[in-house]
Every structure is written in C-alpha cells, then in structure tokens.
Amino acid sequence: MSLKVAVIGAGVMGHALALVHALGGCRVRLTDTDAAALARAPALMSAALATLREAGETTHGDAWLAAAVTTHADLAATLEGAGLVVEAITEDAEAKRALFAAIDRLAPRGAIIASNTSYLDPFPLIPDARQDCAAIAHWYTPPYIIDLVDIVAGPGCAPEIPLRLRDLYAGMGKRPLVLKRFVPGFIANRIQAVISMEVYALLDSGVADAAEIDTAIVHGLALRMPLLGHLMKADFTGLLLAQKALANAMVPPPPARTRSETLDRLVESGATGVTSGRGFYDWSGRSPAELFAERDRRLLALKRALKEIGSLVP
C-alpha cells in the first residue's frame, strides 16, 4: 500500500511538494487555510506536470494528478490516515506552533512530521508527544527538479526516522543529505547567503550591475561547480594556494548586512521579481507561468546533460 502523505500549505513550495510526493508513488492530500491558494494549487501542479511530461520525465497526465493529489479545506480530513505529514507553511514561529499543536490533536500516532523550514528551528515548537517522530525535510525550488533534500532529526527523534526519510526520497531519485544537527539554512542556503552578501556589496558600491555579476557567476563560478563542487575544485587548484589565499585575505569576507540599498529601491518601487514583471531584470511582456515553465525546461535540459556527463563528486 502506498504511503499516505498530508501536505500542509499549498503555496510556492507546498503545491510542488504535493506533486513531488505523488510522482514518488504516494497518495497525497493537500490543504491550506488560504482558500485562494488551495484553489490555485491544481492548476500550478498541472502546469509543472506538463513541463515534466514535455521533457520526457513522466507520462502522467491530469487524470492521474486528480487521483494522486486531492485538496481539502479541512485539516482533520487532510491528516486522516497520514503516515507522513509535510509542514510547508510560512516561516513564522507562532503559526508553526499552532499548526503543530493541531497536528498533535488530529494526526495518527506514529506519523512522521517533516518540516520544510529553511531558517527557523521548528523543534521547540512541536509538542513533546510528537518529538520522537519530528524531523526536517527541507527542499529547494522547484523541488520536482532540484534533487537535494536536507534531512535533520529533532533532538528527541527516534534514530530510524531520518533514515526512513532518506530511503523514501532516495527511492524517488532524490539526493537526500542527512545532517548531523540543525543549523539555519543548512549547507546550500548558508553558502548562498554569503554569496548574496558579496553580490549586494558589489551592486551597492557600483562595481558591477546585475547582468555583469550574473555573467561572472554563470561563465566562471558555476561552470565548475556541478562537476567538482567547491572543496574538490580546491584539490584540483591545489591546497597550498587555498591556504595562502586564506592566510593573505586577498578577498576580504563580505560584511554582515541586513539590507541592500539596491534591493530596497527595487522592492519599494514594486519590482519584486518575476511575478511582478520586474526585479533586477525586466520581465514584462511574458507571464510568470511562461517564465517558470521556461526555467523548468532549461533546468531539466541541464540536469539531463549533467547526468550524461557525470560528476566527480560521488
């Protein structure tokens, strides 16, 4: 019998996680307190599924999707019989605390609670009675293409729970990574955060514009990363050079910052990214759905090419 999964939160990540688990063979129930978000979810999943189908990643269609993922306004109905509860709501401590309390009342005993939190530690918010099955399973956008999943066991979690999550997601073709302990942002997001600080410093000081910075990343930094990662690249460059660069502080670390003048100006003008038609780049003239589909098609093509090329990182 396939695993019953309850996904709570139908927003940007929630609807995509519902699709991921369905594609992995689970029976999924999806809910959200925002009726509009819940109503939008089937069309968003259908569009993502169409992109995957076009790329030859699946043969499933909308009839399959309607059977595999059902939407429910009622939390109790969503949680009924669930063996895995995926929490994908906003990064707000009190909202999560209230939800975990409701899960404690309504979910079957023994159900794994897997939070998709990025930076907020969810474990102090989860009732004591659920700590033995509480973990983090953190995904990256779009999760139906990006394979990395960060898995972290809670402090009171039974040792087999992260292993069960690891095996579940590995069986779906994902790349689960079991971390030894929780740190906000995990690994990839923490590295990305440091890159962002330097990028905003370059922007704000006028060294380069957005397109120039992205050109340097795409054609310099990023090309080697899929094949070598960062530490393996250092092995090829030579660790003596890495040691000297660190000792000489040839590139000072970016200053800690909580804001960027460039970013603030864009947000204040209403330029918030693809969904608004403008951000660092001008996206007007094309719908967000069209732009997301193009992103996904290109990511899938890159993923196929990298799979064929292979990586030196195991």
> Which residue, Asp264, Asp296, Asp121, has the most motion in a Gaussian network model of the chain that connects Cα atoms within less than 10 Å?
Replying inline: Asp264
> Quick one: which of Lys233/Lys307; Lys174/Lys233; Lys96/Lys233; Lys4/Lys96 span more than 29 angstrom between C-alpha atoms?
Replying inline: Lys96/Lys233
>> Quick check on region 227-288: take the gyration tensor over C-alpha atoms, sort the square-rooted eigenvalues as a ≥ b ≥ c, and tell me if it's rounded (a/c under 1.5), prolate or oblate.
In response: oblate
>> Compute the angle between helix 14-23 and the longest alpha-carbon principal axis of the chain, please, reported from 0 to 90 degrees and rounded to the nearest 10.
In response: 70
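I'm a student and want to see the number: the projected area of the Cα convex hull of region 1-85, averaged over all directions, in nm².
5.1
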> What label, among (i) 18.1, 53; (ii) 22.7, 71; (iii) 20.9, 61, belongs to Rg and Dmax of the Cα atoms in Å computed from the structure on display?
Replying inline: (iii)
> Under the classification rounded if a/c is under 1.5, otherwise prolate if a/b is larger than b/c and oblate if not, where does region 82-167 fall, given a ≥ b ≥ c as square roots of the Cα gyration tensor eigenvalues?
Replying inline: oblate
> Considering amide H positions built from the backbone, and no H for Pro or chain starts, which residues 5 or more places from Leu148, or on another chain, come under 5 Å of its amide H?
Replying inline: Arg175
> Can you sort His230, His15 by how many other beta carbons sit within 10 Å, fewest first?
Replying inline: His230, His15
>> Using the Karplus curve 6.51 cos²θ - 1.76 cosθ + 1.60 with θ = phi - 60°, what ³J(HN,Hα) values do you get for each residue of region 237-248, in whole Hz, with x for Gly and Pro?
In response: 6, x, 6, 4, 5, 4, 5, 5, 4, 5, 5, 7
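Using helices alone, what [θ] at 222 nm do you get for the chain, with -39,500 (n - 2.57) per DSSP H run of 4 or more residues, divided over all residues and rounded to the nearest 500?
That comes out to -14000 deg cm²/dmol.
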> trypsin sites (Lys or Arg not before Pro) within region 56-149: which are DSSP loop residues with at most 16 other Cβ atoms inside 10 Å?
Replying inline: Arg109
> How do Tyr144, Tyr119 line up, fewest other C-beta atoms within 10 Å first?
Replying inline: Tyr119, Tyr144
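Most exposed first by the Cβ proxy, i.e. fewest other Cβ within 10 Å, how do Met197, Met45 rank?
Starting with the residue having the fewest Cβ neighbours, the order is Met197, Met45.
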> What shape does region 188-309 have by the C-alpha gyration tensor, where a ≥ b ≥ c are the square roots of the eigenvalues, rounded means a/c under 1.5, and otherwise prolate means a/b greater than b/c and oblate the rest?
Replying inline: oblate
>> Per residue of region 301-308, what does 6.51 cos²θ - 1.76 cosθ + 1.60 with θ = phi - 60° give for ³J(HN,Hα)? Whole Hz please, x for Gly and Pro, Karplus curve as stated.
In response: 5, 5, 4, 5, 5, 5, 5, 5
> Which residue, Asp34, Asp74, Asp235, tops the fluctuation ranking in a GNM of the chain built on C-alpha contacts under 10 Å?
Replying inline: Asp235
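Taken together, the values in this text are just the output of simple stated rules run on the coordinates, not laboratory data. Since we're looking at a predicted model, the values are computed, not measured. All Cβ positions, even for glycine, are placed from backbone atoms using ideal geometry, and neighbour counts span all protein chains on display.
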